[in-house]
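Data first, discussion second: the structure below is written as structure tokens.
Nothing in this text is a laboratory measurement; each read-out follows from the coordinates by a stated rule. Quick caveat, the model's predicted, so the values are computed rather than measured. A quick note on method: Cβ atoms are made from the backbone with ideal geometry, for glycine too, and the neighbour counts reach across all protein chains shown.
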Amino acid sequence: MNDILTIADLKARAKRRVPKMFFDYADSGAYTEGTYRANEEDFQKVKLRQRVLVDMTNRSLESEMIGQKVSMPVALAPTGLTGMQHADGEMLAAQAAEEFGVPFTLSTMSICSIEDIASVTTKPFWFQLYVMQDRDFVINLIERAKAAKCSALVLTLDLQILGQRHKDIRNGLSAPPKFTPKHIWQMATRPLWCMQMLGTKRRSFGNIVGHAKSVTDLTSLSVWTSEQFDPQLSWRDVAWIKERWGGKLILKGILDEEDARMAVSTGADAMIVSNHGGRQLDGAPSSISMLPRIVDAVGGDIEVHLDGGIRSGQDVLKALCYGAKGTYIGRPFLYGLGAGGKAGVTRALEIIRKELDITMALCGERDVRNLSRRNLHQGN
Ligand code: FNR
């Protein structure tokens, strides 16, 4: 991994190792992918204020997200089907995050189950919840997350219906899935990946199969998931979930000032400014462009986090300068996983930590908690 210096290097290696349909699943956005691209590109528009001759010794990246200590304010975002980038992917990513001292968030749509993650970690992880129409299933998930001692529930609000991702449809990742000889060939040409998969029992949605009514195999699963996202989800449901969960709650998918104020009124602990990595509403603004407005709209009434387009420690720093208390990476850790399993996830985190540290120093700051808008260059 020593020759891997950037997240782009990890991405190139993952592309060589992961079958096309699963690499594309990670690497795609909705429709024209305009929002997906804007998430990355808009970070480049934010300029930093260079300072000189300030003491740069004894720097610290330690911080807190929702009152929990983190070695740097970067969590792993919830991502579905992570176990298809690398066998047992969620377990490996959770272990890498735990060793690094940053939060890992398990998706409802993960391959490894809540119990799988609990069995390979010693510290609490976070669980992301999709509210399905089958509310008994939702209650079951909440109780399992409690039993596993998850220390936060991340409630995703921006997927009441599934955005259209053309690459997935073309690749047969639709409901029901369509596997053709072309897809078998894509897998056969990735022998290392095939060997990993043959060596694990976990190849289906571990949180769902055997737990949701009527889901027993791949076909019933695909029918169930395509029908289960709830188009009628409302703020009342958020209140119900908050009550039922009773622990730290993070609302994910806020991209609008009005929704941000509604999120504050729920009494949640944090919100994530997010457009689902450009996978839902194509044409929506980038997360980083909305962040300052949302921070201003909610004042200090709630912790604001951000995800979408972070590909370097510099991007993390820019989000923190605008007032985010924490950030999340999705694709960067997925590329790491595809490129080299647990070591690849660790490498993604190391790359980001190093860039964050050096950039902070060159901005004349020693403590990540002191970053603010005064560290950004104003004007042209
Ligand atoms: C996601 N995301 C996501 N979000 C969520 O709440 N539940 C989920 O199951 C998933 N699944 C998922 C799969 C894949 C392959 C990706 C890339 C993303 C969205 C994710 O949590 C996060 O918002 C974005 O990934 C952030 O953008 P970047 O860091 O990938 O640019």
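Some notes on this structure:
- Calculated FRET efficiency, residue 235 to residue 293, Cβ-Cβ distance, R0 = 25 Å: about 0.75 to the nearest 0.05.
- Computed over the chain: relative contact order in percent, which uses C-alpha pairs under 8 Å that are six or more apart: 30 percent
- Computed FRET value (nearest 0.05) for residue 226 with residue 45, which takes r as the C-beta separation and R₀ as 41 Å: 0.65
- Per-pair calculated FRET efficiency, R0 = 35 Å: residue 185 and residue 120 via Cβ, rounded to 0.05: 0.60
- Three-way shape label, the range 278-329, alpha-carbon gyration tensor, a/c 1.5: oblate
- Dipole check for the range 253-299: with +1 at the C-beta of Lys and Arg, -1 at the C-beta of Asp and Glu, and the Cα centre as origin, the magnitude is about 100 Debye.
- Rounded to 10°, Cα long-axis angle of helix 287-298 versus longest principal axis of the chain: 70 degrees
- Restricted to Cα atoms, the range 146-268 shows a radius of gyration and a Dmax of 18.6, 52 angstrom.
- The length gained by stretching the chain between residue 198 and residue 256 to full extension, at 0.36 nm per residue less their Cα-Cα distance, is 16.4 nm.
- Compared with the dominant principal axis of the Cα atoms in the chain, helix 135-147 is inclined by about 60°.
- Each Lys and Arg Cβ is given +1 and each Asp and Glu Cβ -1; about its Cα centre, the range 221-317 then shows a dipole of about 220 debye.
- With the convex hull of its Cα atoms as the shape, the chain has an orientation-averaged projected area of 18.1 nm².
- Under 25 Å from the Cα of residue 15 - lysines, other chains or at least 8 residues apart: 167, 178, 182, 201, 342, 354
- Overall, the chain carries a charge dipole of about 900 debye about its Cα centre when +1 sits on the Cβ of Lys and Arg and -1 on the Cβ of Asp and Glu, all other atoms neutral.
- Each of residue 161 and residue 140 was given a label point 7 Å from its Cα along the Cα-to-Cβ line. The distance between the two points is 2.7 nm.
- Rg over Rh [alpha-carbon atoms, Kirkwood Rh] for the range 238-380: 0.99
- Distance from the alpha carbon centroid of the range 339-357 to that of the range 250-280 works out to 27 angstrom.
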